[in-house]
């Protein structure tokens with residue numbers, strides 16, 4: 001066991017002993033896949049320990065929400081995948097709490113579980129669901145919840161720095177090998193549920209010149225490889241192919257990428273480690289950690305995180321069907337968002353590029369549209385910034401690439417620095433971050449952010 005894991009486990013034990021003092025607790029978690037899995041992990045652990053709970057999901061934790069929680073006077077509140085940046089307010093309002101988070105902390109308290117406090121990086125070494133899994137293992141024998149922790153860290157893109165899970169994430173992966181297993185394979189999304197040509201068409205990370213976004217070209221490419229229709233004249237999914245066909249397609253894609261002049265870094269990323277949940281039915285979103293996390297993100301983006309949590313808790317009936325409907329609606333909205341960016345364009349400055357969606361793209365998905373537009377319409381040499389209207393200001397979503405991060409980009413730091421000067425709040429990770437800024441400050445924000453990132457990238 002690493003020193004960081006040992007220290008995290010020791011702190012988790014202290015938190016678990018405090019939790020056991022109560023018959024009922026208040027749970028608060030974030031609405032993305034990492035937050036939803038975090039909420040499900042602690043909820044399952046509490047159920048097994050015969051401790052009751054009330055669940056609350058929030059899009060962003062701020063002073064107003066903390067004050068509202070304090071007004072209800074819960075005996076104990078457990079925050080998962082958030083809270084480390086709001087310790088001052090949690091203390092101010094006297095909220096007795098346990099914080100299980102992985103974002104860069106502002107301060108410390110006695111019952112604060114965060115990897116940064118123990119020498120680990122919350123961007124790629126462990127996620128919110130990972131820290132909460134460690135907490136759950138100190139509440140009882142909950143090693144079987146490792147699969148949800150892996151789904152959460154994949155949803156949080158913890159694999160991107162090295163193309164696979166490392167460090168504390170790796171230890172969690174290996175905690176229950178009967179539950180989730182790694183498999184090196186083509187890194188494109190949708191191997192369980194999408195026809196193979198759709199996998200190619202929607203490939204965006206990495207972007208494949210001539211294939212990404214071009215359905216006819218993808219079909220022609222696969223036909224040229226010799227991939228045939230199935231007997232009922234429908235395109236097969238990746239999981240329907242023989243090992244020989246999968247190897248042939250993978251080899252052909254790598255050769256094509258080299259011919260198109262893709263960088264060796266991005267060619268290498270075309271094959272990576274995926275994570276299979278052995279207890280889930282093959283051909284469903286839950287079988288693959290990447291697809292599972294996308295399903296959960298869809299529920300959270302439309303303020304239905306409770307539906308995603310029910311799926312995590314084992315509901316494969318009504319909740320699963322509702323999650324699928326939300327995912328279908330989510331994909332339709334993403335297409336409309338991408339078309340908006342394509343039609344209205346992206347403005348380039350010296351070190352950033354940006355677009356303003358106004359109220360056309362929901363602020364809950366504008367970050368995803370930004371990430372996808374980065375590949376389809378943007379300049380990959382610059383981070384992309386998206387703005388969308390909220391009731392209380394502008395939502396800012398920023399996305400970079402691993403290559404830019406390797407050069408020094410840290411979007412979390414950049415947004416935090418600029419927000420401190422202009423008001424608002426910002427943070428997240430080096431490769432993906434978000435902020436809220438006041439109305440009327442957008443132009444100044446753009447100018448200062450461009451200057452700040454210029455300093456990072458030299």
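Look at (1) in a loop (DSSP other than H, G, I, E, B); (2) assigned by TED's automatic domain parsing to the domain that holds residue 249; (3) surrounded by fewer than 21 Cβ atoms within 10 Å (Cβ to Cβ); (4) on the phi < 0 side of the Ramachandran plot and you find that residue 198 fails only one, number (1). Among all residues of region 95-103, there is at least one that is at pLDDT below 95, within 26 Å of residue 163 (Cα to Cα) and under 23 Å from the mean Cα position of the chain (by Cα). When residue 90 is tested against the conditions (1) within 30 Å of residue 402 (Cα to Cα); (2) in a helix (DSSP H, G or I); (3) over 17 Å from the mean Cα position of the chain (by Cα), the lone failure is (1). Checking each residue in region 306-362 for being in the same structural domain as residue 396 (by TED's automatic domain parsing), under 22 Å from residue 58 (Cα atoms) and exposed (fewer than 15 other Cβ atoms within 10 Å of the Cβ) picks out only 359.
Just one of 394, 354 is touching a helix residue (DSSP H, G or I) at 6+ places or on another chain (Cβ under 7 Å), in a strand (DSSP E or B), farther than 18 Å from residue 34 by Cα and modelled with pLDDT of 95 or more; which is it? Step through it out loud before you land on a result.
On the way: 394 fails: modelled with pLDDT of 95 or more.
Among 394, 354, only 354 is touching a helix residue (DSSP H, G or I) at 6+ places or on another chain (Cβ under 7 Å), in a strand (DSSP E or B), farther than 18 Å from residue 34 by Cα and modelled with pLDDT of 95 or more.
The residues of region 59-74 that are assigned to a loop (DSSP other than H, G, I, E, B), within 22 Å of residue 22 (Cα to Cα), touching a residue at least 12 places away in the same chain (Cβ under 8 Å) and out of contact with any strand residue (DSSP E or B) (no Cβ under 7 Å at 6 or more places or on another chain) amount to a single one, 72. Looking at region 113-122, can you tell me whether even one residue there is in a loop (DSSP other than H, G, I, E, B), outside the structural domain of residue 406 (by TED's automatic domain parsing), touching a strand residue (DSSP E or B) at 6+ places or on another chain (Cβ under 9 Å) and closer than 22 Å to residue 425 by Cβ? Yes, there is a match, as at least one residue in region 113-122 is in a loop (DSSP other than H, G, I, E, B), outside the structural domain of residue 406 (by TED's automatic domain parsing), touching a strand residue (DSSP E or B) at 6+ places or on another chain (Cβ under 9 Å) and closer than 22 Å to residue 425 by Cβ.
Of the residues 170, 143, 237, 246, which single one is in contact (Cβ under 8 Å) with a residue 12 or more places away in the chain, surrounded by fewer than 20 Cβ atoms within 10 Å (Cβ to Cβ) and closer than 30 Å to residue 80 by Cα?
On the way: 170 fails: in contact (Cβ under 8 Å) with a residue 12 or more places away in the chain; 237 fails: closer than 30 Å to residue 80 by Cα; 246 fails: closer than 30 Å to residue 80 by Cα.
After ruling out the rest, the residue left standing is 143.
Applying a threshold of 8 Å to beta carbon distances and a minimum spacing of six or more residues, or different chains, the list of pairs starting in region 431-458 at a residue that is free of Cβ contacts under 8 Å to residues at least 24 places away in the same chain and in the same structural domain as residue 407 (by TED's automatic domain parsing) and ending at one that is surrounded by 15 or more Cβ atoms within 10 Å (Cβ to Cβ) and not in a loop (DSSP other than H, G, I, E, B) reads 444/422. All conditions in (1) assigned by TED's automatic domain parsing to the domain that holds residue 291; (2) closer than 17 Å to residue 293 by Cβ hold for residue 172, with the sole exception of (1). Condition check: at pLDDT 90 or above and within 29 Å of residue 408 (Cβ to Cβ). Does residue 192 satisfy that? Spelling it out, it is not the case that residue 192 is at pLDDT 90 or above and within 29 Å of residue 408 (Cβ to Cβ). Checking the stated criteria, residue 4 turns out to be in a helix (DSSP H, G or I) and touching a helix residue (DSSP H, G or I) at 6+ places or on another chain (Cβ under 6 Å). Tell me which residues, restricted to region 397-422, are buried (at least 17 other Cβ atoms within 10 Å of the Cβ), assigned to a loop (DSSP other than H, G, I, E, B) and over 18 Å from the mean Cα position of the chain (by Cα). Answer for region 397-422, where residues must be buried (at least 17 other Cβ atoms within 10 Å of the Cβ), assigned to a loop (DSSP other than H, G, I, E, B) and over 18 Å from the mean Cα position of the chain (by Cα): just 409. For region 366-385, how many residues are part of a loop (DSSP other than H, G, I, E, B) and in contact (Cβ under 8 Å) with a residue 60 or more places away in the chain? Residues meeting the conditions: 2. Of the residues 134, 154, the single one that is outside the structural domain of residue 280 (by TED's automatic domain parsing), buried (at least 17 other Cβ atoms within 10 Å of the Cβ), in contact (Cβ under 8 Å) with a residue 40 or more places away in the chain and within 18 Å of residue 238 (Cβ to Cβ) is 154. Screening residue 164 on (1) assigned to a helix (DSSP H, G or I); (2) modelled with pLDDT under 95; (3) within 30 Å of residue 39 (Cα to Cα) shows it passes everything except condition (1).
For region 201-218, the set of residues classified as crowded, with 18+ Cβ neighbours inside 10 Å and assigned to a helix (DSSP H, G or I) consists of 201, 218, listed by residue number.
Of 38, 84, all but one fail to be in contact (Cβ under 8 Å) with a residue 60 or more places away in the chain and either assigned to a strand (DSSP E or B) or touching a strand residue (DSSP E or B) at 6+ places or on another chain (Cβ under 8 Å) (or both); the exception is 38. I'm told residue 388 meets every condition in (1) surrounded by fewer than 17 Cβ atoms within 10 Å (Cβ to Cβ); (2) without any contact (Cβ under 8 Å) to a residue 40 or more places away in the chain; (3) not in a helix (DSSP H, G or I) except one. Can you identify the failing condition by its number? Just one mismatch for residue 388, condition (1). Can residue 335 be described as touching a residue at least 12 places away in the same chain (Cβ under 8 Å) and in a helix (DSSP H, G or I)? Considered against the rule, which asks whether it is touching a residue at least 12 places away in the same chain (Cβ under 8 Å) and in a helix (DSSP H, G or I), residue 335 comes out as no.
The values are calculated or read from the model by the stated rules, or taken from the named source; none is laboratory data. All values reported here derive from a predicted model rather than from experimental measurement. Note: ideal-geometry Cβ built from the backbone for every residue, glycine included; neighbour counts use all protein chains shown.
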